[in-house]
């Protein structure tokens, strides 16, 4: 069944993400991944079919295996990362406006929680591999410094999502980032009993003393660090 104007009205969130998910078609530095949040599974399938059949520049369109933490479905759209990427996104959004009724599309880039109105002139979406790698390195380091602003640690972003922390007279600690996002999303995504055994309590006490006044707790092997509306899920290595 072909979709008509407003067939997906009130089903598709007007805020989409770019490069928040991994590509399955190639290297992340070479392929951009857009993700649209859809309220129900059948409309999400319809959107996948529409995008897959309608645009030769789309490498792949796919549906998430299940619901996200909010009970919604994600539709992933992969495109080649090049100078025509913003123009191609705009072309697709123009058609999606007719299907969804959304006229003010906004996007969040990478791990940013703030959304911006999408235009072809957007400057924060990298259009080649070098720009992508440079953006990630700069963003991850600056985001680290913003997040860990309550103590006196020095932190350095290493490859493979590993962070090295240093503290004068406190030694070095390495941790791997498992996940991160808004505190609300992380609470919904990770369920389980907070560890309150002697070892975990002792570890939390040490980490609070080392890092500063963060809300720190442990579920299974994951350590949750919360600073306001942001939470990082990490594991010691």
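Taken together, the values in this text are just the output of simple stated rules run on the coordinates, not laboratory data. Just so we're clear, the structure is a prediction, and the values are computed from it rather than from any experiment. Heads up, the Cβs are rebuilt from the backbone with ideal geometry, glycines too, and the neighbour counts pull from every protein chain shown.
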* To do: Would you calculate a helix-derived [θ] at 222 nm for the chain, using -39,500 (n - 2.57) for each DSSP H run of n ≥ 4 and dividing by the full residue count, to the nearest 500?
  => -9500 deg cm²/dmol
* Structure fact -> Rounded to the nearest 10, the angle in degrees between the Cα long axis of helix 198-211 and the longest principal axis of the Cα atoms of the chain comes to 80
* Asked: What is the helix-to-structure angle for 85-100, meaning the angle in degrees between its Cα long axis and the longest Cα principal axis of the chain, kept from 0 to 90 and rounded to the nearest 10?
  -> 70
* Would you mind ranking 7, 40 by Cβ crowding within 10 Å, fewest neighbours first? => 40, 7
* Given just the C-alpha atoms of the range 148-236, how large is their convex hull per residue in cubic angstrom? -> 92
* To do: Please work out the Cα center distance from the range 205-223 to the range 115-135, rounded to the nearest Å.
  => 34
* Asked: What order do you get for 219, 51, 173 when you list them from fewest to most C-beta neighbours inside 10 Å?
  -> 219, 173, 51
* To do: Residues in the range 186-204, backbone N under 16 Å from the label point at residue 67 (7 Å along the Cα-to-beta-carbon vector): list them, ranges by number please.
  => 188-191
* Structure fact -> Connecting every pair of Cα atoms under 10 Å apart in the chain and solving the GNM, the largest mean-square fluctuation among 209, 116, 106 falls on 209
* **Kirkwood estimate for the range 96-193, i.e. one over the average of 1/r between Cα atoms, Å** => 16.5
* Kirkwood Rh, angstrom, the range 15-127 [1 / mean 1/r, Cα pairs] -> 14.2
* Rank these for me by crowding, 20, 200, going from fewest to most other beta carbons within 10 Å. => 200, 20
* Inter-label distance for residue 200 and residue 162, nm, one decimal - labels placed 7 Å from Cα along Cα-to-Cβ -> 2.7
* Bin all alpha-carbon pair distances of the chain at 5 Å intervals from 0 and give each bin's fraction as a whole percent. => 1, 6, 12, 16, 16, 14, 12, 9, 7, 4, 2, 1, 0, 0
